[in-house]
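Participant: The following block contains the structure, expressed as structure tokens.
The values are calculated or read from the model by the stated rules, or taken from the named source; none is laboratory data. None of the values given here were measured: they were computed from a predicted structure. Ideal geometry is used to build each Cβ from the backbone, glycine not excepted, and the neighbour counts take in all protein chains shown.
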Amino acid sequence: MIQAADLPEVIPIFPLPGALLLPRARLPLHIFEPRYLAMLDDVLKTPERLIGMIQPYSSGQGEKLHAIGCAGRLTAFSETEDGRYMVTLSGISRYRVRQEIEGFMPYRRCEVSWTGFDRDLGPQEKDGDFDRDCFLKNLGRYFADQGLSTDWDSLKDAEDELLINSLSMLCPFEPEDKQALLEAPSLVTRRETLVTLIEFALHGGPGDDRLQ
């Protein structure tokens, strides 16, 4: 297991809109762009094998990065015959961007701070106030409304953190909503944010009264 002292100050960054990685969760990725293939080759040479996932956003000055992302350790990969990679990142810890490193790398790198995210390296979180039956009932309505399907037996049996984090990562929310889920300081606040997003979607957002 990676300790806080093992986390590097500079990591490669993979800006990907809508892709959310959370601590102790897993994110599959399909890597095929030359710059990210180069990044992957370099990451495999490091002892930590970390890649920093982060949400980009557009501004008048081009593509910017949100202040907070989550780093994952490369734990599985396979190469296709045409040179692409199917990889899995296992979430290690969130980080705060200090500054982007200028250089000649084809991919982006940032100096980051891990301060304030101590719980990410700790044990799995619990949610003592979680009303699972009510949550799953609303989730069922949301999945039906979105035309989604899932293994409901697995959801009923999943640990609190696995359930909440997996749904946060998989549900088709907007990138800014994914960022709010990432920045939630605890599992309880992430669950509250997730419930709010589901209820907002069920009521159609502003200006839509299709569900009353």
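Participant: So, C70, is that one part of a helix (DSSP H, G or I) and not hydroxyl-bearing (S, T, Y) or not?
Facilitator: Spelling it out, it is not the case that C70 is part of a helix (DSSP H, G or I) and not hydroxyl-bearing (S, T, Y).
Participant: If you take the residues in segment 103-138 that are touching a strand residue (DSSP E or B) at 6+ places or on another chain (Cβ under 9 Å) and aromatic (F, W, Y), which one is nearest to L194 (Cα to Cα)?
Facilitator: F117
Participant: Here is a further query. Which numbered condition trips up H30, out of (1) of a type outside the set (G, A, S); (2) outside any loop (DSSP other than H, G, I, E, B); (3) out of contact with any helix residue (DSSP H, G or I) (no Cβ under 8 Å at 6 or more places or on another chain); (4) surrounded by 13 or more Cβ atoms within 10 Å (Cβ to Cβ)?
Facilitator: (4)
Participant: I would also like to ask the following. With the requirement that a residue be among the aliphatic types (A, V, I, L, M) and free of Cβ contacts under 8 Å to residues at least 24 places away in the same chain, what does segment 164-201 give you?
Facilitator: Scanning segment 164-201 gives L170, A180, A184.
Participant: Okay, moving on. Looking only at segment 104-117, decide whether some residue is assigned by TED's automatic domain parsing to the domain that holds V43, over 17 Å from G72 (Cβ atoms) and touching a helix residue (DSSP H, G or I) at 6+ places or on another chain (Cβ under 6 Å).
Facilitator: Within segment 104-117 (the criterion being assigned by TED's automatic domain parsing to the domain that holds V43, over 17 Å from G72 (Cβ atoms) and touching a helix residue (DSSP H, G or I) at 6+ places or on another chain (Cβ under 6 Å)), the answer is yes, since at least one residue qualifies.
Participant: I'd like to verify a number: residues in segment 141-161 that are over 13 Å from A201 (Cβ atoms) and without any contact (Cβ under 8 Å) to a residue 24 or more places away in the chain, how many?
Facilitator: 9
Residues are listed down the side, and each one gets a yes or a no for (1) at pLDDT 90 or above; (2) within 25 Å of G91 (Cα to Cα):
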| residue | (1), (2) |
| --- | --- |
| F143 | yes, no |
| T150 | no, yes |
| D157 | no, yes |
| L163 | yes, yes |
| S168 | yes, yes |
| F173 | yes, yes |
| F200 | yes, no |
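Participant: For E125, indicate whether it is touching a helix residue (DSSP H, G or I) at 6+ places or on another chain (Cβ under 8 Å) and either more than 30 Å from A38 (Cα to Cα) or among the β-branched types (V, I, T) (or both).
Facilitator: yes
Participant: Can I ask one more? Being touching a residue at least 12 places away in the same chain (Cβ under 8 Å) and polar (S, T, N, Q) narrows it down to one of S90, S78, S58, so name that one.
Facilitator: The conditions single out S90.
Participant: Return the pair list, or none, for Cβ contacts closer than 9 Å from residues in segment 7-18 that are outside any strand (DSSP E or B) to residues that are surrounded by 13 or more Cβ atoms within 10 Å (Cβ to Cβ) and of a type in the set (D, E, K, R), at least 6 apart or on different chains.
Facilitator: If the second residue must be surrounded by 13 or more Cβ atoms within 10 Å (Cβ to Cβ) and of a type in the set (D, E, K, R), the pairs left are L7/E48; P8/E48; E9/R98; E9/E111; P17/K178; G18/K178.
Participant: Among the residues of segment 38-67, which ones are assigned to a strand (DSSP E or B), surrounded by fewer than 17 Cβ atoms within 10 Å (Cβ to Cβ) and among the small types (G, A, S)?
Facilitator: Answer for segment 38-67, where residues must be assigned to a strand (DSSP E or B), surrounded by fewer than 17 Cβ atoms within 10 Å (Cβ to Cβ) and among the small types (G, A, S): S58, S59, G62.
Participant: State whether the residues of segment 132-148 include one that is closer than 30 Å to A4 by Cβ and in a loop (DSSP other than H, G, I, E, B).
Facilitator: Looking through segment 132-148, none of the residues is closer than 30 Å to A4 by Cβ and in a loop (DSSP other than H, G, I, E, B).
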